[in-house]
Structure formats: structure tokens, C-alpha cells
Amino acid sequence: MEKHISVCPYCGSGCKFNLLVENDKVVGVEPLNGVTNQGELCLKGWYGFDFINDTKILTPRLKQPMLRERRDQPFRAVSWDEAISYTAKRLSEIKAKHGPDSIMMTGSSRGTGNESNYVAQKFARAVIGTNNIDCCARVCHGPSVAGLMVTLGNGAMSNSICEIENTDCILCFGYNAADSHPIVARRIIKAKEKGAKIIVCDPRYIETARIADQWLQLKNGSNMALVNAFANVLINEGLYDRAYVARNTEGFDEYKKIVAKYTPEYVEEITGLKASEIREAMRTYAKAKTATILWGMGVTQWGQAVDVVKGLSGLALLTGNLGKPNVGVGPVRGQNNVQGACDMGALPNVFPGYQPVADAAARDKFAKAWGVPSLPEKVGMAITDVPHAAEEGKLKCMYIFGEDPAQTEPDLDTVRKGFEALDFIIVQDIFMTKTAMFADVVLPATSWGEHDGVFSSADRGFQRFYKAVNAKGDVKHDWEIHGLIATAMGYPMKYTSTEEIWNELISLCPIYKGATYEKLAGLGYVQWPCPDVEHPGTPWLYEGNQFQTKSGKGLLFAAEWRPPLEKVDAEYPLGLCTVREVGHYSCRSMTGNCNALATLADEPGYVTINPKDAAEVGVKDQELVWVQSRRGKVIARASVTERTNVGAVYMTYQWWIGACNELTVHHVDPISKTPEYKFSAVRLETIADQ
Ligand code: SF4
């Protein structure tokens, strides 16, 4: 049996294991003593490998290029030569007729790797001539990046996954670690065992709430009010570190003025919490010698998410919980390489290494390296802008690489109308996803397990993963496909290995320069910034409390609370919140094709509801029901549970039957453009009512 080192392709925990291979087929995994997982894996790590083997449970692997000249025609299999020349010709025509900004591309936060994302964004910028490239960070931790960039100067986790177990207090805010990152949840349990205080802010009785010292069951949509009240307590009770604030922060007076109104008593009505609970939480947090704030989609998938992120970083600044080990702010990134897609510049405003496209020196540097006279300055389009831009005729083409927006974006009817309005859609993937069904050209790529590369885990850690088996179909590496199209469009791009791509990209990014392939070999783990080869990497940021803002100080920022956009009423009395399913991942094209995981949970999706609400609707546990919003209606199985709070229902978003994004509202944070997946007004009806 052969063994090949790999990194789990699912969440951002970065778990390392061997892929076990017999006769060129992956047959199992063996955990390794990786830096973040220490020989442990969750069920997706153990059982999430066999989609590579084309199980055909949900959908078959793509094995040859396909195209169709008209969308009312079926796809026909074509040679790579025909697929590449047709795609290059259509892209060139659209660029010439409508301009480079009429074309939108995506990076991929999944199993393809950093090198492919680097090549994709280079294709967008140097070949097409647009900054219209985005990735799924837009719909998950975009607000964390946008908020922390302003307050601290760096959008990533300040400290490491490993440090979580050594902190004295963890404030888990809108973060269900057990379902999102089980290996991070393990660190939280270890911290508890070592005596840490755990405070959970979540409307649901999530797993971490079970071990928490305090569970603050706030009302859905009241995050900003609670964070302001936390700051109010820290200031008014004199719990904050005056010397630290005076030395290392700015904006205190304005901040104090805004949070003054948000006394714990004032927010009781908004949050549903007792003032005493809020005070107790902040007394615990402030008293701890070291404290860490972890957050997830419960913070970021709201229309006021960026403000809340800034507010959470303010709590760490007030108490001096930054710039040393075992403290900090932790936006724990979701998909296994969403950190990497951002690191590589698959974002509309930055080149790789977070170098702004608005910076003339950065543009000149990349233009020179890529051999083009100039690069576009205008910040590109966000992926959530696509449906409306397409319907308005501003966007003509989309090149979608390793993403499935027809399953994962909000208000799917609007997404479909946007796709229908586009002249040309290219989908590059390993499966025939829902999005691929809208395509004009489908380009089949190699899968994780069939190629080499580097992933970035949630705490900025670069890790190498290796090819384990040969691809079985007529498929190509993602970076190779982008290179062939670029070359056919008159821009020769002929990489021969991921190492060649990696060497190019680290040479252009000062913060990655020392993270060489040699250092990352085997179980190597290097957290950026790593400015030179002698540098070991940076487990925790802001040494000496030097923040990466213009002034070098951390910004204290507060904003007035805004309620969610949609209101519940007599017709739609419940607030729908979308959440994670531990056994499945993202659009489910990978985990839905894994035997064990598909057996554990399969369609239709479920909707969890409190027994009180279920009794009012007349819904019994496990009964099939309609869930309807102002935008659509889907079937789901009711799961009646006390863990769900009264007035809210929860659904996971990966199911084809019961696709909850048929229901969600297209309302976005004004800064990060991240959708408010966490609140859409719905009603439930039993099937017999129809
Ligand atoms: Fe680790 Fe996440 Fe993979 Fe589970 S899904 S094995 S926690 S990386």
C-alpha cells in the first residue's frame, strides 16, 4: 500500500493525513501528527476521500470537456483542442466587444490549491484585463477581512489554532465549532479541561454551549447591540486596560460616546438577555489573563457584519488581548482553502499577498513580472453583484472555477435569472454541479488527490499536499487549463509544475517570500508573514502591539445597531437562519459522493424547529413540511428540538431537495457585500395543508 501526505480538503482546520492507495485507487486515510490536528480527524477527514473514485452517488465525475453552441441543446463531448480554442475565441470576442470588465471570474476555495488560484487571478488581470475576480470568502468571512483590515490592519486570525487550548477565556460568538471545525472544537474542549472559562453567544443551544460557563442566548439579529453593551460594561465598570488603550489604540473618545447608550439594561429588550448576564460575561472576559474571541458565520452572514467584526476586535483592544501568545481575534475560516484563495488575490481589490490594486507601485511590479504594459486599477466586482449586473447587461460572461453559486448564493431564483442573462458561461470543476448545468463550456479538472499544491489553513498556515493517484479521465490541472486558454488568447502561459508557480508567486509577495517548497515539505507548516528563508513564520501577529494600520495603532470602532432587513409578520412568522451540517461540506458535490457520509445524512434537508413553534404549526418530528419565504418554497424534514430557539428555524444549505437558498434574501452588508443568510422570514406548513 502506498502512502501520500495530504491535507484535508474540507474545513480550514488544516488536518494532515496520509492518503492510502492500492492499485492507483484511494482506499483510506491515516491521520498524521500535523501541527493543527495532532493525529486526530473528524468524520469528514476519515470518510471524505472516496468522491475521488467516481462513486456516482450524487453525480458522476466530469471526464472530458463538453460544450454546446446553444443552451437549448445538449452538451457534446469535444477534444481539449476544440474546447480551448472555442473558449478562447468567445472570451476574446466578448472582451473586444464589451470590454474586460464585462467578464467575471471566480477563484476556488476548495481542493485545487493556492497555485491554481494564483494562476486564475493572473489570468483575470493580465489576460482579460479586469479585477473582476472573487471567491467564496465574499459569502463567508468577507466581513472579517474588511473589518479587521480597518481596525488592526490584517484580515486573518491573529493567533494560531494550537494556542486556543492555552487561553484562559474563550468568547465564542456566533461560532458553532463542533459542526464547522471539529478539530478546533477539540481545542476548545482541551482549554476547558485546562481550566479556561467558556462564554458562548448564540441563539441555539450548540455543542459548545453544553460545556460553557455561560451561554448567552441572544435574539437572532442583535449582535451589534450586544457587542456595544460588552464595550459599555468594560468601560463603565473600569474593566478595560487604560494604559494599553492609551498607548496602542485610537478612536477611544468617539467609541465611548457611541457605546454609552448601550447599557446592559438598554439592550435587554433588543437581545433578550438579562443585564446581569451581559455584565457577568464581560467581568469574566476582562479578568482572564489571556482571552481569545472566536467567531464564525453567526457574526459574518448579516447585513451589519463588518461593524460587528470591528466591534469584536474592539473588545480585544480594550483588554489588551492582542500582540502576544494565547490571545487574539479568531475569524475561523470555513472552507479548507478560503484563506488561501484570499492569500492568492482571488479578490477584486488585492493582488496576491494583499497588495492593493489601487497601489500604483504594486500594479507596476505585477505588470512587469507578468509582462504586460499595465494592469487595471479599478476594484473589481463582488460575486454577490453578479446576478444584478448580468440582468442589467453590464456583465456578459462568467468563468466559474470550483464554485457552485447556483447552490450556495442567496435567493437562487435571482441567481438563475442572472445566469440566463449572460452570453457565455464557462464552468471548470470536477463534478456536474448545479451551476455547470447553466454552462456553455464545461472543463473537467483534476481533483484533490490527483495533484500537488499548497493550502492555507485558517490560521495562515501554508501546508503542502501531494498527488496520490493518477486522474482517470481526459482531465487537466486547473492551472494548466487557465494556461492553455491564456496561450490561445495570445498570452503564453506555460507552467510545468506547481513548484514553478509557487516560486513565482512568493517572489512577488514580501509576506510569503520565505515560505519555500523545501520548508513546506512533508509535515512543514509555515504561517505567514514569513519574509525570508531564515524566518520561521508567524504564529501570532502584532508583536509589540504594532498594528498594521497606517498609524500603527488599533482602531476602536462602534456603530449603532441595525435590525435585520426582513421582518417577521403574521404571514411569515419565523426567522430562517442557514447553518452547517457536520457530515457534509459546502455544495455537497464532494461529500455527497462519499459512501459513508451520504449514508449518515442525505436528502431531503431538514429544518430544525422548537417544540413550541412546531406545536403551533401542527408539525411533528421527522414529518415532511413546506418551508416558504417571500421568494420560494422547498420541502424539508422537520426536526423538532429544544436546541432551537423559539421564533427561529435552521436549515443547512447543501441539499438539492430542500435547497434553503431558494428562500434566503439577497440583502448584503454595504461594505463587504456579504449576504444576510442568517435571517429570512419564512413560514412552515404541513404537506397535508396544501
Ligand atoms: Fe480536520 Fe476539518 Fe477535515 Fe475535519 S473537516 S478532518 S476538522 S480539516
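The values are calculated or read from the model by the stated rules, or taken from the named source; none is laboratory data. What you see is a predicted model, and the numbers here were worked out from it, not measured in a lab. Glycine also receives a Cβ, built like all others from the backbone with ideal geometry; neighbour counts cover every protein chain displayed.
Among the residues making up the stretch 7-25, those that are over 24 Å from Arg580 (Cα atoms) and either within 11 Å of the ligand (Cβ to nearest atom) or more than 27 Å from the chain's Cα centre (by Cα) (or both) are Leu20, Val21, Glu22, Asn23, Asp24, Lys25. When Cys162, Cys201 are checked against the criterion of being closer than 26 Å to Gln527 by Cα, out of contact with any His (no Cβ under 9 Å at 6 or more places or on another chain) and either within 16 Å of the ligand (Cβ to nearest atom) or of a type outside the set (Phe, Trp, Tyr) (or both), a single residue qualifies: Cys162. Among the listed residues Leu20, Leu62, identify the single one that is surrounded by fewer than 18 Cβ atoms within 10 Å (Cβ to Cβ), touching a Gly at 6+ places or on another chain (Cβ under 9 Å) and among the aliphatic types (A, V, I, L, M). Unique residue meeting the criteria: Leu20. Quick check, is Asn37 buried (at least 16 other Cβ atoms within 10 Å of the Cβ), within 14 Å of the ligand (Cβ to nearest atom) and either within 18 Å of Val469 (Cβ to Cβ) or in contact (Cβ under 8 Å) with a residue 12 or more places away in the chain (or both)? Spelling it out, Asn37 is indeed buried (at least 16 other Cβ atoms within 10 Å of the Cβ), within 14 Å of the ligand (Cβ to nearest atom) and either within 18 Å of Val469 (Cβ to Cβ) or in contact (Cβ under 8 Å) with a residue 12 or more places away in the chain (or both). Each residue in the stretch 539-556 was checked for being surrounded by fewer than 21 Cβ atoms within 10 Å (Cβ to Cβ) and either out of contact with any strand residue (DSSP E or B) (no Cβ under 8 Å at 6 or more places or on another chain) or outside any helix (DSSP H, G or I) (or both), and 11 pass. Given the condition away from the ligand (no atom under 16 Å from the Cβ) and of a type in the set (Ser, Thr, Tyr), answer yes or no: does some residue in the stretch 98-107 qualify? Looking through the stretch 98-107, at least one residue is away from the ligand (no atom under 16 Å from the Cβ) and of a type in the set (Ser, Thr, Tyr).
Residue by residue through the stretch 23-48, note down the ones that are of a type in the set (Asp, Glu) and out of contact with any helix residue (DSSP H, G or I) (no Cβ under 9 Å at 6 or more places or on another chain).
Initially, the stretch 23-48 is screened for residues of a type in the set (Asp, Glu), giving 24, 30, 40.
Selection gives Asp24, Glu30.
Checking Val427, Val454, Val442 one by one, the residue that is under 26 Å from Tyr354 (Cα atoms), aliphatic (A, V, I, L, M) and in a strand (DSSP E or B) is Val454 and no other.
Scanning for something within 16 Å of the ligand (Cβ to nearest atom) and touching a helix residue (DSSP H, G or I) at 6+ places or on another chain (Cβ under 8 Å), does the stretch 49-68 turn up at least one residue?
So in the stretch 49-68, the residues within 16 Å of the ligand (Cβ to nearest atom) come out as 49-52.
Still in the list and also touching a helix residue (DSSP H, G or I) at 6+ places or on another chain (Cβ under 8 Å): 50-51.
Among the residues of the stretch 49-68, at least one is within 16 Å of the ligand (Cβ to nearest atom) and touching a helix residue (DSSP H, G or I) at 6+ places or on another chain (Cβ under 8 Å), which makes the answer yes.
Leu43 falls short on exactly one of the conditions (1) under 23 Å from Trp656 (Cβ atoms); (2) away from the ligand (no atom under 16 Å from the Cβ); (3) in contact (Cβ under 8 Å) with a residue 40 or more places away in the chain, and that condition is (2). Residues of the stretch 223-263 that are among the hydroxyl-bearing types (Ser, Thr, Tyr) and under 15 Å from Ala559 (Cβ atoms): Tyr255, Tyr262.
Residues of the stretch 68-101 that are in contact with a Ser or Thr (Cβ under 8 Å, 6 or more places away or on another chain) and among the hydrophobic types (A, V, I, L, M, F, W, C): Ile94 alone.
Filtering Ile671, Ile609 for residues that are modelled with pLDDT of 95 or more and surrounded by 22 or more Cβ atoms within 10 Å (Cβ to Cβ) leaves a single hit, Ile609. Return a yes/no flag: does the stretch 180-196 have any residue that is of a type outside the set (D, E, K, R), within 16 Å of the ligand (Cβ to nearest atom), not assigned by TED's automatic domain parsing to the domain that holds Lys678 and not in a helix (DSSP H, G or I). Looking through the stretch 180-196, at least one residue is of a type outside the set (D, E, K, R), within 16 Å of the ligand (Cβ to nearest atom), not assigned by TED's automatic domain parsing to the domain that holds Lys678 and not in a helix (DSSP H, G or I).
If a residue has to be β-branched (Val, Ile, Thr) and either over 22 Å from Pro529 (Cβ atoms) or assigned to a loop (DSSP other than H, G, I, E, B) (or both) to count, how many in the stretch 333-379 make the cut?
Of all residues in the stretch 333-379, those β-branched (Val, Ile, Thr) come to 338, 350, 357, 372, 379.
From the residues that got through so far, the ones that are either over 22 Å from Pro529 (Cβ atoms) or assigned to a loop (DSSP other than H, G, I, E, B) (or both) too are 357, 372, 379.
Within the stretch 333-379, residues that are β-branched (Val, Ile, Thr) and either over 22 Å from Pro529 (Cβ atoms) or assigned to a loop (DSSP other than H, G, I, E, B) (or both) number 3.
State whether the residues of the stretch 304-315 include one that is within 29 Å of Ala178 (Cβ to Cβ), crowded, with 24+ Cβ neighbours inside 10 Å and touching a strand residue (DSSP E or B) at 6+ places or on another chain (Cβ under 6 Å). Taking every residue of the stretch 304-315 in turn, at least one turns out to be within 29 Å of Ala178 (Cβ to Cβ), crowded, with 24+ Cβ neighbours inside 10 Å and touching a strand residue (DSSP E or B) at 6+ places or on another chain (Cβ under 6 Å).
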